[in-house]
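Peer 1: Sharing a structure with you now.
The values are calculated or read from the model by the stated rules, or taken from the named source; none is laboratory data. Since we're looking at a predicted model, the values are computed, not measured. Every residue, glycine as well, gets a Cβ built from its backbone with ideal geometry; the counts of neighbours run over all protein chains shown.
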Amino acid sequence: MEDILLSFAEANVVWLIAAVLIVILVLKAVKIVSQSEKHVVERFGRLRAVLGPGINLIVPFLDRVAHQVSILERQLPTASQDAITRDNVLVQVDTSVFYRILEPEKTVYRIRDVDGAISTTVAGIVRAEIGKMDLDEVQSNRAQLISTIKTSVEDAVDDWGIEVTRAEILDVNLDQATRDAMLQQLNAERARRAQVTEAEGQKRAVELAADGELYAAEQTAKARRVLADAEAYATQVVAQAINENGLEAAQYQIALKQVEALNGLGSSAGNQTVVLPANAVDAFTDAFSLLKGRKP
């Protein structure tokens with residue numbers, strides 16, 4: 001009976017050991033990779049496979065995960081490098097680069113310090129590109145410069161399995177002497193623009209004054225033309241009346257004007273003595289006779 005119990009206990013131990021070994025083998029064979037990583041698997045020191053996100057199987061005790069590489073986007077620390085422009089101005093450029101690893105098998109076997117290598121590459125490219133440009137072009141064409149730097153860095157790091165997602169020029173700093181010279185130039189340019197603006201204002205004022213005088217002259221001429229037209233029309237009416245009624249109509253108009261004039265002299269304010277010529281009475285006589293003749 002004791003032998004049976006001993007055999008049964010030994011069998012249980014064997015099964016237990018086997019179960020433990022199976023669990024260990026399963027744990028060694030199954031690799032779960034997160035979405036933000038890729039795992040590089042080696043077999044006897046050589047590249048075996050690259051495991052992507054999800055559940056992956058490897059051969060236990062033969063394969064091992066040698067590198068766990070994050071594929072998240074990374075930002076290099078802000079780097080400053082000196083560069084000389086085409087017009088011999090020393091500038092200090094602050095740059096920042098963003099990248100991500102696409103092929104970790106290239107990254108881990110071809111480059112030791114990824115960040116350092118990219119920083120060195122960016123510094124050389126920035127110096128080379130700025131050396132092709134004047135200072136004014138560096139300041140005004142920053143977007144184009146950034147695009148050129150990004151493209152050049154991408155070409156340089158292509159063999160490392162890296163994608164450069166963005167490159168930024170954070171600042172372009174100048175030495176104090178250059179800043180003072182640029183400030184003087186800026187002040188001179190502002191003064192020139194102020195003088196030009198003032199001259200243009202004075203010119204515009206003169207133009208407006210001339211336009212006003214021209215407009216007034218045109219209106220005066222127009223008024224004179226209207227008055228001349230009215231007088232011409234009145235003359236035409238009188239001429240027509242003379243043509244239709246003869247000399248009597250003209251004499252009637254003249255006599256009427258004489259009576260109105262004398263009446264105005266007599267009705268003026270104050271005590272006045274009006275001296276009339278001898279033929280004035282004849283004018284009254286002619287006027288009254290004509291007026292009586294015109295009455296129905």
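Peer 1: Given the conditions (1) in contact (Cβ under 8 Å) with a residue 24 or more places away in the chain; (2) closer than 20 Å to ILE162 by Cα; (3) surrounded by 13 or more Cβ atoms within 10 Å (Cβ to Cβ); (4) assigned by TED's automatic domain parsing to the domain that holds GLU168, which single one is not true for THR120?
Peer 2: (1) is the only condition that THR120 fails.
Peer 1: Taking segment 152-177 only, how many residues are at pLDDT 90 or above and either farther than 21 Å from ILE101 by Cα or assigned to a helix (DSSP H, G or I) (or both)?
Peer 2: 1
Peer 1: Within segment 156-177, can you find the residues that are farther than 19 Å from GLY124 by Cβ and more than 34 Å from the chain's Cα centre (by Cα)?
Peer 2: Passing the criteria: only GLY161.
Peer 1: Right, another one. Please verify whether LEU208 is in a helix (DSSP H, G or I) and at pLDDT below 85, treating the condition exactly as stated.
Peer 2: Taking the combined requirement at face value, the residue does not satisfy it.
Peer 1: Scan the helices (runs of 4 or more DSSP H) fully inside segment 36-145 and keep the ones with 3 or more residues being within 21 Å of VAL157 (Cα to Cα).
Peer 2: Fully inside segment 36-145 and qualifying: 104-110, 114-130.
Peer 1: Right, next: What do you reckon, is GLU129 in contact with a Leu (Cβ under 9 Å, 6 or more places away or on another chain), buried (at least 18 other Cβ atoms within 10 Å of the Cβ) and not aliphatic (A, V, I, L, M)?
Peer 2: So GLU129 fits the description; yes.
Peer 1: With the requirement that a residue be of a type outside the set (Gly, Ala, Ser) and within 13 Å of VAL108 (Cα to Cα), what does segment 39-73 give you?
Peer 2: Within segment 39-73, HIS39, VAL40, VAL41, GLU42, ARG46, LEU47, VAL50, VAL65, HIS67, GLN68, VAL69, ILE71 meet the criteria.
Peer 1: Report yes if some residue within segment 100-107 is modelled with pLDDT under 85 and at negative phi; otherwise report no.
Peer 2: Checked segment 100-107: no residue is modelled with pLDDT under 85 and at negative phi.
Peer 1: Could we say that LYS203 is free of Cβ contacts under 8 Å to residues at least 60 places away in the same chain, in the same structural domain as SER96 (by TED's automatic domain parsing) and out of contact with any Lys or Arg (no Cβ under 6 Å at 6 or more places or on another chain) here?
Peer 2: Taking the combined requirement at face value, the residue does not satisfy it.
Peer 1: In addition: Among the candidates ASP136, ASP171, which residue alone is surrounded by fewer than 19 Cβ atoms within 10 Å (Cβ to Cβ) and either within 20 Å of ILE71 (Cβ to Cβ) or free of Cβ contacts under 8 Å to residues at least 24 places away in the same chain (or both)?
Peer 2: Answer to the selection: ASP136.
Peer 1: Suppose we keep only residues that are among the hydroxyl-bearing types (Ser, Thr, Tyr) and modelled with pLDDT under 90 within segment 52-94. Which one would you say is surrounded by the most Cβ atoms within 10 Å (Cβ to Cβ)?
Peer 2: Among those that are among the hydroxyl-bearing types (Ser, Thr, Tyr) and modelled with pLDDT under 90, it is THR85.
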